[in-house]
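**Student:** Questions regarding the structure given below will be posed in turn.
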Amino acid sequence: MRPFAFLSALLSPASRRTVPHDHDARLAHMALHDQETGLGNRLSLERLAAAGSPAYVILFGVDRFEVLRNAIGYDSMASLLTTLGNRLSGLTAHAAVARVGAGVLGLVLHADDDDEAVRMAARICEAAQAPVILNGAPVDIALTAGVARTGAINRGVGSALDRAAIAVDQARAVHRRAGLFDAVRYGDPAGNLSLISELMAALDNGEFSLNYQPKYDFRAEGVTAVEALARWTHPRRGCVSPELFVAMAEETGHIRPLTEWVIHQAIRDQAHLRRAGHDLMMSVNISGRLLSDESFADFALAAVEASGARLCFEITETAVVGNPEMALRILDRFADAGVSVSLDDYGSGLSSLTYLKQIRADELKIDKSFILGLDDSARDALLVKSTIDLAHGLGMKVTAEGVETPTALALLRGMGCDMAQGYLIGRPVSFAALIERLDGPARKAATVAA
């Protein structure tokens, strides 16, 4: 008998149909079962995971669970989960299925290796997604599976169930039907928590700096603008990922002081460039959290007016969605004051022509996911050319992000694109390296003349 065969039998669908009459047995049954569905609960699955090794915990998350529950009601959702649990059990040789969260079911299975476990999970998902009939009406469901090995030890995530739950989120993030827990992607949340308290001090201690990525102007045939990108060099951890600290700043309310620091530093650096003979437009990314903050707009406009800086504020379309009335009003204030507005990552999400019509933007940046495929995708080329024509028709210049090959650069030039940005043009570099690059042509010309 397999190590957890006894527990599997105790928690099988057949055992759920025969409720123990003995008082102690009834209490034990209640301790191991979900009261709404009659399925096993988290404790039961934890016992199964602990009893069988090596094995895999597989969690199945119902996609858009809250939307579905609100549509059909709590009682119907309990019935749906019960039906789904029995279906999963039938697809896995009557493995014990447990409800471990509001919209999450799980089981424990054997597999030879990680790849086989993920393939099994994906196959079960596909087979289990047939509509569930409730009161004579079919209800469509979609599932995402997360897989984790039992017995494995991962820093900060000791439970296989927790790792599998994280794997569900990781799979959804990359639009996969099933995925294995990825410790590298998960990172070190405990360490990240300490960074939150250190972020504000880091601004005061000079740990932040700006790197600049150049933007090539097709008509001027040179670099006429740069994008300012914040970088954090931690005294112990070294370079902290911008994706990490920007997300933390947004969630903790620190995004405003961070953005204010970036604007001040970009203005200082732009003034330095002017004195060195380089008049470049500076682009600064503005979080959507700040487009509902009228006082931030006051600060930004005052800083620009006092310095005479040439700034471009880059936003994403999704930044407008949360509070469109306030966001559009603030963007209008920027436009009225002569601050350029750029729509960043256009095409990466649900790009809305309604917002494109309403936002007074000067520039549209085509997301790199389209530019990276230009060399060999006629479909991407058609979409990019159409977007360029649309933006020009609305009075906007177009910047292509993610330009990495000479072929893409040549195609964009032929399409009438205005600006190009990407590793072919230049990677983000320190301010000193930027000045050295900009001074290069002048030094070369002087050498030739001499």
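The values are calculated or read from the model by the stated rules, or taken from the named source; none is laboratory data. Just so it is clear, the structure is predicted and the values come from calculations on it, not from any experiment. Every residue, glycine among them, receives a Cβ derived from its backbone with ideal geometry; neighbour counts consider all protein chains shown. SASA here: full protein model, heavy atoms, side chains in, ligands and nucleic acids out. Shrake-Rupley method; radii C 1.70, N 1.55, O 1.52, S 1.80 Å.
**Student:** Please work out if Ile435 is out of contact with any strand residue (DSSP E or B) (no Cβ under 7 Å at 6 or more places or on another chain), under 25 Å from Glu221 (Cβ atoms) and surrounded by 15 or more Cβ atoms within 10 Å (Cβ to Cβ).
**Tutor:** yes
**Student:** Would you tally the residues in region 392-414 being more than 13 Å from Leu372 (Cα to Cα) and surrounded by 18 or more Cβ atoms within 10 Å (Cβ to Cβ)?
**Tutor:** Result for region 392-414: 4.
**Student:** Here is a follow-up. Go through region 352-384 and count every residue that is open to solvent by 70 Å² or more (accessible area, probe 1.4 Å), free of Cβ contacts under 8 Å to residues at least 40 places away in the same chain and more than 22 Å from Ala327 (Cβ to Cβ).
**Tutor:** Result for region 352-384: 7.
**Student:** If a residue has to be open to solvent by 20 Å² or more (accessible area, probe 1.4 Å) and either touching a residue at least 40 places away in the same chain (Cβ under 8 Å) or not in a helix (DSSP H, G or I) (or both) to count, how many in region 170-200 make the cut?
**Tutor:** Count: 13.
**Student:** Only one residue in Ser76, Ser89 is modelled with pLDDT under 95, in contact with a Pro (Cβ under 8 Å, 6 or more places away or on another chain) and either farther than 22 Å from Leu32 by Cβ or buried (at least 19 other Cβ atoms within 10 Å of the Cβ) (or both), so which one is that?
**Tutor:** From the options Ser76, Ser89, the qualifying one is Ser89.
**Student:** So, one more: One residue is enough: does region 242-265 have a residue meeting the conditions touching a residue at least 60 places away in the same chain (Cβ under 8 Å), outside any loop (DSSP other than H, G, I, E, B) and surrounded by 14 or more Cβ atoms within 10 Å (Cβ to Cβ)?
**Tutor:** no
**Student:** Sort out which residues of region 296-343 are under 21 Å from Lys397 (Cα atoms), over 30 Å from the mean Cα position of the chain (by Cα) and open to solvent by 40 Å² or more (accessible area, probe 1.4 Å), and write them in order of number.
**Tutor:** Within region 296-343, Arg310, Asp336, Ala337, Gly338 meet the criteria.
To keep it simple, each residue is scored yes or no on (1) in a helix (DSSP H, G or I); (2) modelled with pLDDT under 85; (3) under 11 Å from Ala98 (Cα atoms); (4) not aliphatic (A, V, I, L, M).
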site: Arg2; (1), (2), (3), (4): no, yes, no, yes
site: Phe6; (1), (2), (3), (4): yes, yes, no, yes
site: Arg16; (1), (2), (3), (4): yes, yes, no, yes
site: His21; (1), (2), (3), (4): no, yes, no, yes
site: Arg26; (1), (2), (3), (4): yes, yes, no, yes
site: His29; (1), (2), (3), (4): yes, yes, no, yes
site: Gln35; (1), (2), (3), (4): no, no, no, yes
site: Ser44; (1), (2), (3), (4): yes, no, yes, yes
site: Leu48; (1), (2), (3), (4): yes, no, yes, no
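**Student:** May I pose another question? Which ones in region 53-71 are out of contact with any strand residue (DSSP E or B) (no Cβ under 6 Å at 6 or more places or on another chain), in contact (Cβ under 8 Å) with a residue 60 or more places away in the chain and among the hydrophobic types (A, V, I, L, M, F, W, C)?
**Tutor:** Val62, Leu68
**Student:** Can you pull out every residue in region 201-234 that is part of a helix (DSSP H, G or I) and under 22 Å from Asp269 (Cβ atoms)?
**Tutor:** Of everything in region 201-234, those that are part of a helix (DSSP H, G or I) and under 22 Å from Asp269 (Cβ atoms) turn out to be Ala202, Leu203, Asp204.
**Student:** Kindly evaluate Ala130 against the criterion of being part of a loop (DSSP other than H, G, I, E, B), surrounded by 15 or more Cβ atoms within 10 Å (Cβ to Cβ) and at pLDDT below 95.
**Tutor:** So Ala130 does not fit the description; no.
**Student:** Report, by residue number, each residue of region 89-120 that is part of a helix (DSSP H, G or I) and either farther than 18 Å from Gly179 by Cβ or touching a residue at least 60 places away in the same chain (Cβ under 8 Å) (or both).
**Tutor:** Across region 89-120, the qualifying residues are Ser89, Gly90, Leu91, Asp114, Ala117, Val118, Met120.
**Student:** Sticking with this one: For region 21-75, how many residues are within 33 Å of the chain's Cα centre (by Cα), farther than 21 Å from Arg87 by Cβ and acidic (Asp, Glu)?
**Tutor:** Result for region 21-75: 2.
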